[in-house]
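S.K.: Quick one: the structure is below, questions incoming.
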Amino acid sequence: MAFTIAIDGPAAAGKGTISKAVAQHFGFAHLDTGLLYRAVGRRMLDGVPALAAARALMAQDLDAEDLRTPAVAQAASKVAVMPEVRAELVDFQRAFARRSGGAVLDGRDIGTVICPEAEAKLFVTASAEVRAQRRFAELAGAGVITSYDRVLADVRERDARDMGRAEAPLRPARDAVLIDTSEMDIDAAVARAIDAVNLARRST
């Protein structure tokens, strides 16, 4: 039986960690849809046109080791505003969402555009300052040399682009459960998400 959990939110809010934990808890498959755009953005940095990269995307492209770098993140945000690229990746995401056994998809437009009929919808957010601190710590741990101010500027720039794009802007679905992780530890955030999904499962 198909059961789709859509988890949206801005960069570094914790939606990826929460999505993986929720998928593991319920035994569902998980897809980080941001990796689709990162993989396309990565190919674009190599000189491949964005649409051609989207059309040629393969599952193994999502396993590239450098998809989490700041340069790729910015490239992903740029290709994500291209309607033709988004359209090319929609079918892949929707097919994954309706697979038998349940699926968790996290991204920026899952509950609003990709899976508006998802049985459970969550919107995970946090303040820009908190998200920048988390991303800065993550990058520092990976040996990336940068500064908190630079990361904060990148977070705000990406938020503006994601929320202001004409095609599938970042926003909560009308019926999404909001989870603000600014002052939550990961265990509390995951527990809140699991509670919300359990409530949705009882309602279906």
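The values are calculated or read from the model by the stated rules, or taken from the named source; none is laboratory data. Being a predicted model, the structure only gives us computed values, none of them experimental. FYI the Cβ positions are ideal-geometry reconstructions off the backbone, even for glycines, and counts take in every protein chain you see. Remember, those area values only see protein heavy atoms, side chains included, never the ligands or the DNA or RNA. Shrake-Rupley method; radii C 1.70, N 1.55, O 1.52, S 1.80 Å.
S.K.: Taking interchain pairs and intrachain pairs at least six residues apart, which have beta carbon atoms under 8 angstrom, with the first residue in the range 133-145 and touching a residue at least 12 places away in the same chain (Cβ under 8 Å) and the second loosely packed, with under 13 Cβ neighbours inside 10 Å?
M.R.: Phe136/Ser147
S.K.: Considering each of Arg192, Arg135 in turn, give the residue that is under 18 Å from Asp106 (Cα atoms), assigned to a helix (DSSP H, G or I) and either open to solvent by 70 Å² or more (accessible area, probe 1.4 Å) or touching a Phe, Trp or Tyr at 6+ places or on another chain (Cβ under 8 Å) (or both). Outline the logic, then answer.
M.R.: Working: Arg135 fails: either open to solvent by 70 Å² or more (accessible area, probe 1.4 Å) or touching a Phe, Trp or Tyr at 6+ places or on another chain (Cβ under 8 Å) (or both).
Just one listed residue meets the conditions, Arg192.
S.K.: Tell me, yes or no, whether the range 92-102 has at least one residue that is within 19 Å of Leu170 (Cβ to Cβ), of a type outside the set (D, E, K, R) and more than 16 Å from the chain's Cα centre (by Cα).
M.R.: no
S.K.: If the requirement is being open to solvent by 30 Å² or more (accessible area, probe 1.4 Å) and aliphatic (A, V, I, L, M), which of these qualifies: Val40, Val48?
M.R.: Numbers: Val40 fails: open to solvent by 30 Å² or more (accessible area, probe 1.4 Å).
Within the list Val40, Val48, the selection yields Val48.
S.K.: Ok, one more. Would you be able to say whether some residue in the range 108-125 is hydroxyl-bearing (Ser, Thr, Tyr), in contact (Cβ under 8 Å) with a residue 40 or more places away in the chain and over 20 Å from Asp32 (Cβ atoms)?
M.R.: The answer is no, given that none of the residues of the range 108-125 is hydroxyl-bearing (Ser, Thr, Tyr), in contact (Cβ under 8 Å) with a residue 40 or more places away in the chain and over 20 Å from Asp32 (Cβ atoms).
S.K.: Filter the range 149-184 for residues that are of a type in the set (Lys, Arg) and open to solvent by 90 Å² or more (accessible area, probe 1.4 Å); which is farthest from Glu84 (Cα to Cα)?
M.R.: Arg150
S.K.: Then there is this: Determine whether the range 51-70 contains at least one residue that is part of a helix (DSSP H, G or I) and either on the phi > 0 side of the Ramachandran plot or in contact (Cβ under 8 Å) with a residue 40 or more places away in the chain (or both).
M.R.: Yes, the conditions are met somewhere in the range 51-70.
S.K.: One residue is enough: does the range 179-188 have a residue meeting the conditions in contact with an Asp or Glu (Cβ under 9 Å, 6 or more places away or on another chain) and either of a type outside the set (Gly, Ala, Ser) or under 24 Å from Ala118 (Cβ atoms) (or both)?
M.R.: no
S.K.: Just checking, which of Ala200, Ala118 is over 25 Å from Ala53 (Cα atoms), open to solvent by less than 50 Å² (accessible area, probe 1.4 Å) and part of a helix (DSSP H, G or I)?
M.R.: Every option except Ala200 fails the conditions.
S.K.: Right, here's the next one. If you take the residues of the range 164-189 that are touching a residue at least 60 places away in the same chain (Cβ under 8 Å) and assigned to a helix (DSSP H, G or I), which of them is farthest from Ala6 (Cα to Cα)?
M.R.: Per the stated criteria, the residue is Ile186.
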